[in-house]
Each structure stands twice: as structure tokens, then as C-alpha cells.
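Undergrad: The structure is given below, and queries will be raised subsequently.
The values are calculated or read from the model by the stated rules, or taken from the named source; none is laboratory data. All of these numbers come straight from a predicted model, not from anything done at the bench. Reconstructed Cβ throughout: ideal geometry from the backbone, glycine too, with neighbour counts over all protein chains shown.
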Amino acid sequence: MDEIRMQRARRTSAQPAPITDEDMINEGGFEDSWPGRLPSSSRRYVPHADVRAESGRKLADAHFSASQKNGQERHSIPPRRTATQTSIPAVQGNRQRAPYSEDEQTPHRTSGLLAPRGRVRFHWLVFVGLAMFIMIIGWLTFSALSSWWQVTQDDWHYGRPRTYQTDAVVGHNDSSTSPSHFIAMNLNRHVVVIEIPGGDSSKSKIYNGPMLIGPGQDLTPVTLTFKDVNGDGKLDMIINVQDTHFVFLNSNGTFVPAPGQSGS
């Protein structure tokens, strides 16, 4: 009888215990929560400490499920050796990561992009000075252009040296058919008048006028007009240099400077 009882006890202990659905769930959850050992000679550590922390979010270094909670409450399965490796610090490189917070950095970037730029305002005297400067530059430019245009026109009319020619009947062996010919020149600032009485060049006369003083006077045109100045019935010669007039009186078949005027 004792042998029979012992055989039955051996058979009973040899038969596996029935596995329930709850045991299968707990076993599956436990296996999912802890990764198995890799087939290598070195162990691989999960870098839980190298997870970037962001304010307002939960850390993603643990995975909880209903099956793990039930397994921890029942303590039916002992923890594996890998469970003790969570306390090992993760290996970090030489580069240290600065704490980063998206919530803190976003307002600074937004404020930098949306910050309005101040408008530059100038004092009214700046505009007055600018207007005066433009007027001065315009006046100088206009004066230079006007002077250039005047010189160009004089070149077309009088040439270089400035020369003026005209005919007049002054009573020096001339007539309306054979008038006297006069040539006035500005020869290096020296006014010179040449008279050819009655068109006869052998009787030509030269009258020296004044010297012109000032910048650009060597290009000033010299003109002649004839008018009875002293009322003796004879035409007198007037030399015109811009707004200045020099009178030569007609006397004894020639022209002489009026009293108080230089000439020869």
C-alpha cells in the first residue's frame, strides 16, 4: 500500500500544474517589460538617464501596463538580474548637453521676430540744411554751365583771339561806296583797333585801347559803335568792353582818346 501511495504521489508531482489565462498575461507582460539579453559577450545598457527632459511632459524611461501592475502585486515571478541594472548610470560622452526647455525658449524667439523696429526721425534743421546744400550745388552747377555756354557762343561769333569787324563812313577819305573798315581785337588782354580809311590798306591806322584786368578777360569780346558824342557833326568811335565804354573823338582825320581816358 505504501508503494502504491508513493507511486501516485510521484505521478501527481510529475504532472504540470494547469496554466491559467492570468498566468499567461502576467508572463507575457513581464517578458515585454524587460528586454532579453543579446547574444553577445557584452551587456547593453539602456540609456535612461540620457533622455531629454522637457517641461510639461512626463519622462519616457518607463513603460507601465496593467499586466505589470498585476504582476508586481502578485509577486508570482521573481525579478531577473537585468532589473538590478537600472541603477547603473548611463555612459555619456564628453559633450555635455545643456538643459533645454521649449517653453522657455519660444517666447524669446517670438519676441525677437515680432519686435517692432523704431522709426528714425530727423530734426527739421537737417532738412533745411540739406535743401540749402542742394541749392548751393545747383547754383554752382548752373553758373559753370552758363559760363561755358557763353564762352562757346563767343568762340562761334568772335573766334580766338576775339575779333570784331565793321564798316563806317567817318570822313577819313571815305564815302558811302568806299567806307572805312575797322577791326577791333582783344590781343592778350590788350585792346587794339585797326582802321583802313576808304578801304586803302596803305593808309591803315592802329589805335591802342585799354588793358583788360581780371580772370578770363583774354576771352572778352570787344565791339565798336560810332556816334557823335561832342556834337561837332562827326562820328566818334566808342570801344565797348562788356558794360564799359571808351570814347575816342574824331579830330583832324584821326581818333584820339577823350579827356580822362587812357589810350594812344
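Undergrad: What number of residues within the range 185-241 satisfy the criterion of being more than 26 Å from residue 259 (Cβ to Cβ) and acidic (Asp, Glu)?
TA: 2
Undergrad: Sort out which residues of the range 214-234 are free of Cβ contacts under 8 Å to residues at least 60 places away in the same chain and in a helix (DSSP H, G or I), and write them in order of number.
TA: The answer is 217, 218.
Undergrad: So residue 148 clears everything in (1) touching a residue at least 60 places away in the same chain (Cβ under 8 Å); (2) not assigned by TED's automatic domain parsing to the domain that holds residue 246 except one condition, right? Which one?
TA: Single failed check for residue 148: (1).
Undergrad: Enumerate the pairs (first residue in the range 169-181 and part of a strand (DSSP E or B); second residue anywhere and at pLDDT 95 or above and among the hydrophobic types (A, V, I, L, M, F, W, C)) with beta-carbon separation below 8 Å, excluding pairs fewer than 6 apart on the same chain, so at least 6 apart or on different chains.
TA: Once the first residue is part of a strand (DSSP E or B) and sits in the range 169-181, its partners that are at pLDDT 95 or above and among the hydrophobic types (A, V, I, L, M, F, W, C) give 180/168; 180/169; 180/170; 180/196; 181/196.
Undergrad: Suppose we keep only residues that are at pLDDT below 95 and more than 16 Å from residue 246 (Cα to Cα) within the range 204-216. Which one would you say is farthest from the chain's Cα centre (by Cα)?
TA: Ranking the qualifying residues of the range 204-216, first place goes to 214.
Undergrad: Name the residues in the range 235-264 that are assigned to a loop (DSSP other than H, G, I, E, B) and either surrounded by 15 or more Cβ atoms within 10 Å (Cβ to Cβ) or in contact with a Leu (Cβ under 8 Å, 6 or more places away or on another chain) (or both), would you? Don't jump to the end; show me each part of the working.
TA: Here is the first cut: in the range 235-264, the ones assigned to a loop (DSSP other than H, G, I, E, B) are 235, 242-243, 252-253, 258-264.
Result: 235, 258, 261, 263.
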